[in-house]
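J.: Take this structure, written in structure tokens, and hold onto it; I'll ask about it next.
The values are calculated or read from the model by the stated rules, or taken from the named source; none is laboratory data. Being a predicted model, the structure only gives us computed values, none of them experimental. A quick note on method: Cβ atoms are made from the backbone with ideal geometry, for glycine too, and the neighbour counts reach across all protein chains shown. These accessible areas exclude ligands, DNA and RNA; they are computed on the full protein's heavy atoms, side chains included. Shrake-Rupley method; radii C 1.70, N 1.55, O 1.52, S 1.80 Å.
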Amino acid sequence: MDHNFEELVEQAKVHLGGVSTHAGFEKVKADFLGPSGKIKTLLTMLASASKEEKPRLGKLVNNCKACLEGVFAEKLSALEDSELLDVLGPEIDPSMPIAKRGALHPLSAMQEAMAEIFHRIGFTVALGPEVETVWYCYDALNMDESHPARDAIDTLYFHGDLRVKNVAKHGDEDYILRSQTSTVQIRTMLAEKPPLRIISPGRTFRRDTMDATHSANFHQCEGLVVDENISVVDLKSVLDFFFKELLGEKCEIRFRPSFFPFTEPSFEMDFRLPSMGKLSGQWVEVAGCGMVHSKVFSAVGYDPNMWSGYAFGFGIERLAMLMYGVDDIRLFYQNDARFLRQFAA
Ligand code: DAH
């Protein structure tokens, strides 16, 4: 029986040699690898082999099958190449390097631009997982069980038996899709000692129904600084620098008092630009920020008497929509080349 295997592979090569169409290819493939093909016949013969011979022959059949699959894959790729050449015509050489490369998606370009600006003032990028647990997303950020954002109406929970044991200082936990990048504050502080100076751009999820301004999947950029003697002045000057670099010297920012469970005091940050379409000269809300709450420091084992810090967060789509005058968030995800091409350099 042994030499049958090599012969089979040779036979396949000969048959394939005369094939120049997909239909022809499929027919030969079925003859060899199909449910009533030659390999199947060998497998049936194998059943009647002696007990001692079976393992060795079994191995040979499997090798032969793998060889055949390789031969067929190679032929298929050659067929596809020659079909492509037929479509392109003789004057186009598909092996030439492409003259025009693709461009970054506007949301990726925004994230890169932001990281580059923050990098200049000593920030590094820290990333965290999109699948999170309630402790990182809420408890450690001083958002206790009564906080409405934790409700399944807003947060996307994984149902079933998927629970994690023993994450930082906690028992069993539910997995969720993170609803804010503030989780990375916690992960970074647990992993590193101060001083810290990070931003964390990334994807976030909420149970929102999609419309022109909402998406269940969107992006945020978080910022966190921890050091000795940090004040609101540091926070405001860093955000002022960032927004001027991003939007131009004429950009002004202002802080309004607000509330976030993980900062105290907390602020809402607005910016305005003399020319920004319909919003020219108007204050537009873009970021939340504040001084890191002592309970957040305690949750990660930092001494709140020794360390101080600030945090901020903003939505990347929202900022991109304002900057580029995009009026429908869905455009970012529809992958329509006519939209995306406008952002290509
Ligand atoms: N995580 C907040 C949100 O999703 C945004 C935010 C506000 C982040 C204040 C911060 C902050 O770091 O200090 O709405």
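J.: Please verify whether segment 220-231 includes one or more residues that are in contact with a Pro (Cβ under 7 Å, 6 or more places away or on another chain), touching a residue at least 24 places away in the same chain (Cβ under 8 Å) and more than 13 Å from the ligand (Cβ to nearest atom).
T.: Yes.
J.: Let me ask something else. Any residue in segment 182-206 that is open to solvent by 30 Å² or more (accessible area, probe 1.4 Å) sitting within a Cβ distance under 6 Å of a residue that is assigned to a strand (DSSP E or B)? List the pairs, counting only those 6 or more apart or interchain.
T.: Within 6 Å, the pairs are Pro195/Asp227; Arg197/Val225; Arg203/His219.
J.: To continue, here is another question. Considering only segment 185-200, state which residues are in contact with a Ser or Thr (Cβ under 7 Å, 6 or more places away or on another chain) and closer than 19 Å to Ser108 by Cα.
T.: Ile198, Ser200
J.: Among the residues of segment 268-284 satisfying the criterion of being in contact with a helix residue (DSSP H, G or I) (Cβ under 8 Å, 6 or more places away or on another chain) and closer than 9 Å to Ile253 by Cβ, which is nearest to the ligand (Cβ to nearest atom)?
T.: Met269
J.: What number of residues in segment 83-130 are touching a residue at least 40 places away in the same chain (Cβ under 8 Å), open to solvent by less than 70 Å² (accessible area, probe 1.4 Å) and among the polar types (S, T, N, Q)?
T.: Of the residues in segment 83-130, 1 are touching a residue at least 40 places away in the same chain (Cβ under 8 Å), open to solvent by less than 70 Å² (accessible area, probe 1.4 Å) and among the polar types (S, T, N, Q).
J.: Considering only residues of segment 1-45 that are within 43 Å of the chain's Cα centre (by Cα), not in a helix (DSSP H, G or I) and not small (Gly, Ala, Ser), which is nearest to Gly58 (Cα to Cα)?
T.: In this case the residue turns out to be Pro35.
J.: What do you reckon, is Ser280 among the hydroxyl-bearing types (Ser, Thr, Tyr), closer than 30 Å to Ser146 by Cα and either touching a strand residue (DSSP E or B) at 6+ places or on another chain (Cβ under 9 Å) or not assigned by TED's automatic domain parsing to the domain that holds Ser308 (or both)? Lay out the reasoning, then the answer.
T.: On the way: among the hydroxyl-bearing types (Ser, Thr, Tyr): yes; closer than 30 Å to Ser146 by Cα: no; either touching a strand residue (DSSP E or B) at 6+ places or on another chain (Cβ under 9 Å) or not assigned by TED's automatic domain parsing to the domain that holds Ser308 (or both): yes.
Taking the combined requirement at face value, the residue does not satisfy it.
J.: Would you pick out the residues in segment 249-278 that are among the aromatic types (Phe, Trp, Tyr) and not in a strand (DSSP E or B)?
T.: Narrowing segment 249-278 to residues among the aromatic types (Phe, Trp, Tyr): 255, 259-260, 262, 267, 271.
Within segment 249-278, just Phe262 meets the criteria.
J.: Examine segment 293-306 for a residue that is open to solvent by less than 30 Å² (accessible area, probe 1.4 Å), more than 16 Å from Ser200 (Cβ to Cβ) and within 15 Å of the ligand (Cβ to nearest atom), and state whether such a residue exists.
T.: The answer is yes; a qualifying residue exists.
J.: Separate question: So, in segment 238-266, of the ones that are free of Cβ contacts under 8 Å to residues at least 12 places away in the same chain and more than 16 Å from the ligand (Cβ to nearest atom), which residue ends up farthest from the chain's Cα centre (by Cα)?
T.: Ranking the candidates gives Glu249 first.
J.: Confirm whether Ala287 is small (Gly, Ala, Ser), buried (at least 19 other Cβ atoms within 10 Å of the Cβ) and within 16 Å of the ligand (Cβ to nearest atom).
T.: Considered against the rule, which asks whether it is small (Gly, Ala, Ser), buried (at least 19 other Cβ atoms within 10 Å of the Cβ) and within 16 Å of the ligand (Cβ to nearest atom), Ala287 comes out as yes.
J.: Then there is this: For segment 206-229, check the following and say yes or no: at least one residue is touching a Gly at 6+ places or on another chain (Cβ under 8 Å) and in a loop (DSSP other than H, G, I, E, B).
T.: Among the residues of segment 206-229, not one is touching a Gly at 6+ places or on another chain (Cβ under 8 Å) and in a loop (DSSP other than H, G, I, E, B), which makes the answer no.
J.: Scan segment 311-329 and give yes if some residue there is more than 28 Å from the chain's Cα centre (by Cα), under 23 Å from Leu190 (Cα atoms), buried (at least 19 other Cβ atoms within 10 Å of the Cβ) and within 13 Å of the ligand (Cβ to nearest atom), otherwise no.
T.: No, segment 311-329 has no match at all.
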